[in-house]
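S.K.: For reference, the structure I am asking about is given below.
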Amino acid sequence: MKATPFWIKAAAAAAVTSVLAVGAGVVALKVLFPEPVLRERVLSAARKQLGREVRLERIGLGLTGLSLRGLEISEKPDFKTGTFLRVEAFHVRPSWRALLRKKLVVASVSAEGLKVTVVKGADGRFNYETLMSSAPTAAPAPAKADAGPAPELNVRRARISRGHIEYRDEREKA
């Protein structure tokens, strides 16, 4: 019987180790970020940052990225005044290689069933102008000499399917 060459054994061992590492990563993500805890963290951060109500049917975090289902963002201040944005499915996949270098690079982002309602109010202001303005602004941090370059966000690929933008001008009603 012929002996198996060393490089085949090493490759098989590396493949098994890789599969086990991926499995351990998935389990670690599920243990560290269970769906109810992750959902509440994302919703409370979004509400605080946007100053609007946010609804979310389902959220998932895995090695392929972050997935959101049934995301809705209200008009200001709540859903009684309408829905600003609705998306059936949203997925963000990071570049893991870039994350290891401490850079945020989005390998791909996709939105399915996206609906945005843009309203120009009677005062001439758009409804999206208040998205970030209601959150308290933090005092600027003093610049550090060794801080390095400012953080940047790169998106390699973006896709929107079944998108719809509705535009209303409230000034025409007056």
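S.K.: In a GNM of the chain with a 10 Å cut-off on Cα contacts, which of E75, E35, E129 has the highest mean-square fluctuation?
M.R.: Of E75, E35, E129, the Gaussian network model singles out E129 as fluctuating most.
S.K.: Nearest 10 degrees, 0 to 90: what angle lies between the long axis of helix 35-50 and the longest principal axis of the chain (Cα atoms)?
M.R.: 40 degrees
S.K.: Test of the criteria: in segment 1-56, which trypsin sites (Lys or Arg not before Pro) are in a DSSP loop and have at most 10 other Cβ atoms within 10 angstrom of their Cβ? Could the numbers behind the result be given before it?
M.R.: On the way: sites: K2, K9, K30, R39, R41, R47, K48, R52, R55; in loops: K2, R52.
For trypsin sites (Lys or Arg not before Pro) across segment 1-56 that sit outside H, G, I, E and B with at most 10 neighbouring Cβ atoms in 10 Å, the list reads K2.
S.K.: Separate question: Among V16, V109, V155, which one moves the most in a GNM of the chain with springs linking Cα atoms closer than 10 Å?
M.R.: Result: V16 has the largest fluctuation of those listed.
S.K.: Kirkwood hydrodynamic radius of the chain from all distinct Cα pairs, in Å?
M.R.: On the way: mean 1/r = 0.0502 Å⁻¹.
That comes to 19.9 Å for the chain.
S.K.: Please compute the modelled spin-label separation between V118 and A14, points set 7 Å along Cα→Cβ, answer in nm with one decimal.
M.R.: Placing both labels 7 Å along Cα→Cβ, they lie 5.0 nm apart.
S.K.: Take the alpha carbon atoms of segment 1-45, find their center, do the same for segment 68-89, and report the distance between the two centers in whole angstrom.
M.R.: Spelled out, the Cα-based centre of one part sits 35 Å from the other.
S.K.: What is the sum of charges around A89, taking Lys and Arg as +1, Asp and Glu as -1, for the other residues whose C-beta is under 15 Å from the C-beta of A89?
M.R.: Numbers: positive: R55, R58, R69, R86, R93, K115, R159, R162; negative: E57, E72, E88, E112.
So the environment of A89 carries a net charge of +4.
S.K.: Further question: Using the basic label-point model (7 angstrom from Cα toward the beta carbon), what is the S95 to E172 distance in nanometres?
M.R.: Result: 4.3 nm between the two label points.
S.K.: Quick check: pseudo-label points 7 Å beyond the Cα along Cα→Cβ at S108 and Q49, how many nm apart are they?
M.R.: Rounded to a tenth, the inter-label distance reads 2.3 nm.
S.K.: Over segment 1-62, what percent of the accessible surface lies on carbon and sulfur atoms, probe 1.4 Å?
M.R.: Details: 3250 of 4580 Å².
C and S atoms contribute 71 percent here.
S.K.: Please compute the per residue accessible area over the chain with all protein chains in place, 1.4 Å probe, rounded to a whole number of Å².
M.R.: Each residue of the chain exposes 72 Å² on average to a 1.4 Å probe.
The values are calculated or read from the model by the stated rules, or taken from the named source; none is laboratory data. Values in this document were obtained by computation on a predicted structure and should not be read as measured data. Neighbour counts run over all protein chains shown; Cβ positions are idealised from the backbone, glycine included. Surface areas here come from the heavy atoms of the whole protein model, side chains and all, with no ligands, DNA or RNA. Shrake-Rupley method; radii C 1.70, N 1.55, O 1.52, S 1.80 Å.
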